[in-house]
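The values are calculated or read from the model by the stated rules, or taken from the named source; none is laboratory data. None of these values were measured; they are calculated from a predicted model. Keep in mind that these areas ignore ligands, DNA and RNA; they rest on the heavy atoms of the full protein, side chains included. Shrake-Rupley method; radii C 1.70, N 1.55, O 1.52, S 1.80 Å.
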Amino acid sequence: VVGTLLVGHYFNTYQEAMTNKVVEEWTTDDVASWLNTIGLGHKATAFGDSSIDGAALLKACNSGTTGLVDAVAPSSLSNLQAKKILRAMEKEKQKSRISPVAAPLSEAPTRDTGDGNLEVENQALKKTLSELKSTMSTLQAELATLKLNSGSSSGSNP
């Protein structure tokens, strides 16, 4: 019973302390504690051995499943565990515990994390392509106008 009370007290203290910290400010110990809260506490040593603090965790998560697996000590993290971490990090984002500077990085993932993020990236790329095509059309029209104006002005001067 005493052990349970102490664990409960520690958990409440941890939750209170972490509520005011953005992920980028997490230490390796904070990452280890967070891993414990998502059921991956047994992986904390591997993360610590790889010096994964909050900033490194975000960078690895922004690289998708493969980037996260590669960031941790070799053979320490399965793809399934990496996906669990990515989902949990998305929840941290929803709680606004990722600073506004880092948040946009995870809005445009560079790899398929297996949870539909590839579709989000695809839509963003289609939008960018459409904007670039529109800009190109505008520039081509301006170039044609300049060529016409340049041709007519050079023809009028002997």
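Ignoring lysines fewer than eight residues from Lys133 along the same chain, the ones with Cα atoms less than 26 angstrom from its Cα are Lys147. Distant-in-sequence amide contacts of Ala73, defined by a placed amide H-H separation under 5 Å and a gap of 5 or more residues or a different chain, comprise Ser50.
Treating each Cα of the range 25-91 as an identical point scatterer and summing with the Debye formula, the log10 of I(q)/I(0) at q = 0.12 Å⁻¹ comes to -0.22. Of Val31, Val120, the order by accessible heavy-atom surface (1.4 Å probe, DNA, RNA and ligands excluded), from most exposed downward, is Val120, Val31. Pairs from the table (Lys59/Lys91; Lys43/Lys126; Lys59/Lys84; Lys59/Lys126) lying more than 28 angstrom apart at Cα are Lys43/Lys126. Note on exposure: Lys21, Lys147 ranked by accessible area (1.4 Å probe, complete protein assembly) read Lys147, Lys21, with the most exposed listed first.
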